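Okay, structure first, notes after.
The values are calculated or read from the model by the stated rules, or taken from the named source; none is laboratory data. Bear in mind that the values here come from a model prediction, so they are computed numbers and not experimental data. Glycine also receives a Cβ, built like all others from the backbone with ideal geometry; neighbour counts cover every protein chain displayed. Note: accessible area is taken over every heavy atom of the protein model, side chains too, but ligands, DNA and RNA are not part of it. Shrake-Rupley method; radii C 1.70, N 1.55, O 1.52, S 1.80 Å.
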Amino acid sequence: MNTASPLDSAVLRADFPYLEELAGGRPLAYLDSASSTQKPRQVLDRMRAFYEHEYANVHRGVYRLAERATEGYESARHTVATFVNAPSEREVIFTRSTTEAINLVAYAWGLQHLGPGDTVLITELEHHANFVPWQFIASRTGAAFRHIPIDDAGELQLDALDGLARDNSIKVVGVGLVSNSLGTINPVEQIAAWAHEQGAIIVVDAAQAAPHRSIDVQALGCDFLALSSHKLCGPTGIGALWGRRELLEEMAPFNLGGEMIRSVGLDKTTFNELPYKFEAGTPAIAEAVGFGAAIDYITGIGLSAIEEHEHELTRYAMARLDELDWVRVFGPPLERRAGIVSFEVAGVHPHDVAQILDWEGVAVRAGHHCTQPLMTRLGVAATTRASFYVYSIAEEVDRLVAGLHKVKESLG
Ligand code: C6P
C-alpha cells in the first residue's frame, strides 16, 4: 500500500496479544473484525485490575469497595454517553449487546405503540438484529412490516420512500448506519429527518459504525441507537442503548426484577428512574468497565484516523481483488463503503474459500452474515467477507489475495 496510513500500525499491533500466536510461522491475518474485534492489553489489563482491586456488586453496598465498583461502572456509562454525544448519561442503558438493545426497544416501545393500521419500516440490508425483533413485534401487534429496497450495488433506494409513506402509517423506521455484509454507509441523517416528517421514530443500529467513525446521536437526529462493546476492542456481553429521554421515560420496563424497582408491595411495584428502570439484576460490571476502557483506547487512536486507515485498506483490497477476474465483489463504491469487502469466488462455495484461507493463516467470515433477506436480494446463499480494524495491515490483504490464488488452484 503506497498511501501513508494515519495510524502507526506497527506500534498499535504491539498492543494485541493475539498477534503473538503464530499460524504456520506467521501471525494470523485476522480479517474478521466486523464479526468481533481482537482485544488490546489496555482493555484486558483494566478488567483484570478491576476484578483484583475494585470489584463488588454495584448500587447496593455502602462499604467503600462497593462504592468504588459503582464508580467504575458509572464512569463507563459516562464514557459511552460522551462517545455518542448523548445529551444526558441517564439516557444510556447498558445491555448485553446491540441485539438486546434493539429487542428492548422493539418490546418496550413497540408493544405499547404499534397496532393494526401501523407500519414498521426496515431496510433490505438490515442485520437480523434490527429485522427479526421488528418483524416479530409487528406480527404480534398486527402492524404491517415493510422494507426500503436496495439497488444492485447494495445502496438504499431512497426514491422509494414517498411511495412507502403514502398511507401515512409509518410509526417506526429501523436502519443500520453501516451494513455488516456489504459495508454500505447509509444516509441515516436524511432518513431520520424523513421519518420524523412521517411522525415516526427511528432506531439506529450502530454496531458496525461505532467502532469506525464518530457517532453523534444529536447530529444524526435519531431516537434510539444501539452498539456493542465487542466490536470496538471491548469485551463481549455488554453493549448500550441510547434513547431519547422522553421516550424512555414513558416506556414500560423490559426485564423485571431487582434494581429496576423503586418500591415493591404485595399489590403493586413502582419502577426506578432512568437508566436503572431498564437494568434489572446484577449487570455485567467488569464488562462495562472494559467497554469504557475500549472506548478510551479507540478514541485515543482517534476515530477519524481509524476511518481513514480502513478506507485506505479497503481501497487497496478492492484494487487487489479487482485484478482477479474470477472474483466478484459485492457492494457500493469505495466512497460510500466502510472497511468491509464481501465477495464470491467463481464456482467455489464461500465456506470452502474460508477453509482454504484458514489453512493459509487468513481468517475471514463465510456465510449469510445474519442478513438472509439481503442474500436473497443479491441472489446468493452466502458470501466470503474480509473486514478490517486498527491492527489490520496491507500485507494481510496480500496474504488474502495469495490465499485466493490457492483457492482457485485447488477448487476453481
Ligand atoms: N454482526 C457479523 O459478523 P451483537 O451480536 O448483538 O453484538 O451484534 C449484532 C449485530 C447487529 N447489527 C449489525 C449491523 C451487526 O453487524 C451485528 C453483528 C456480526 O457481521 C455477527 S452476525
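Here are a few things to note about the model shown:
- Using C-alpha pairs below 8 Å separated by at least 6 residues, the relative contact order for the stretch 268-412 is 23 percent.
- Choice from Ala153, Ala354, Ala366 with maximal GNM fluctuation in the chain (Cα, 10 Å cutoff): Ala153
- A straight Cα-to-Cα reach below 28 Å connects Lys39 with the lysines Lys231, residues fewer than 8 places away in its own chain not being considered.
- Whole-number D in µm²/s for the stretch 86-203 (Stokes-Einstein; Kirkwood sum over Cα pairs; 37 °C, 0.692 mPa s): 224 µm²/s
- Chymotrypsin sites (Phe, Trp or Tyr not before Pro) within the stretch 8-84, DSSP loop, no more than 14 other Cβ atoms inside 10 Å: Tyr63
- Directionally averaged projected area (convex hull, Cα atoms, the stretch 45-299), nm²: 14.2 nm²
- Among Gln372, Asn272, Val80 - extreme Cα towards positive end, dipole of the chain, charges at beta-carbon: Asn272
- Each of Trp359, Trp134 has its accessible area taken with a 1.4 Å probe; listed largest first, they run Trp359, Trp134.
- Each Lys or Arg adds one and each Asp or Glu takes one away; over the other residues whose Cβ falls under 12 Å from the Cβ of Gly347, this sums to 0.
- Vicinal HN-Hα couplings computed from phi for the stretch 200-213 (Karplus, 6.51 cos²θ - 1.76 cosθ + 1.60; Hz; Gly/Pro x): 9, 9, 10, 10, 9, 8, 9, 4, 9, 9, 4, x, 10, 8
- For the stretch 45-299: relative contact order, % (alpha-carbon pairs under 8 angstrom, 6 or more apart): 25 percent
- If you run the Gaussian network model on the chain, springs between alpha carbon atoms under 10 Å, then out of Val175, Val264, Val289 the most flexible one is Val264.
- Counting only protein heavy atoms and a probe of 1.4 Å, the accessible surface of the chain is 49% carbon and sulfur.
- Environment charge of Glu124, counting only residues whose C-beta is closer than 13 Å and scoring Lys/Arg +1, Asp/Glu -1: -2
- Ranking Asp322, Asp398 by solvent-accessible area of protein heavy atoms (1.4 Å probe, all protein chains present), from largest to smallest, gives Asp322, Asp398.
- Calculated [222 nm] ellipticity per residue, helices only, for the chain: -10500 deg cm²/dmol; basis is -39500 (n - 2.57) per DSSP H run with n ≥ 4, divided by all residues, nearest 500.
- Structure remark: mean-square fluctuation, Gaussian network model of the chain, C-alpha springs under 10 Å; the largest value among Ala160, Ala192, Ala86 belongs to Ala160.
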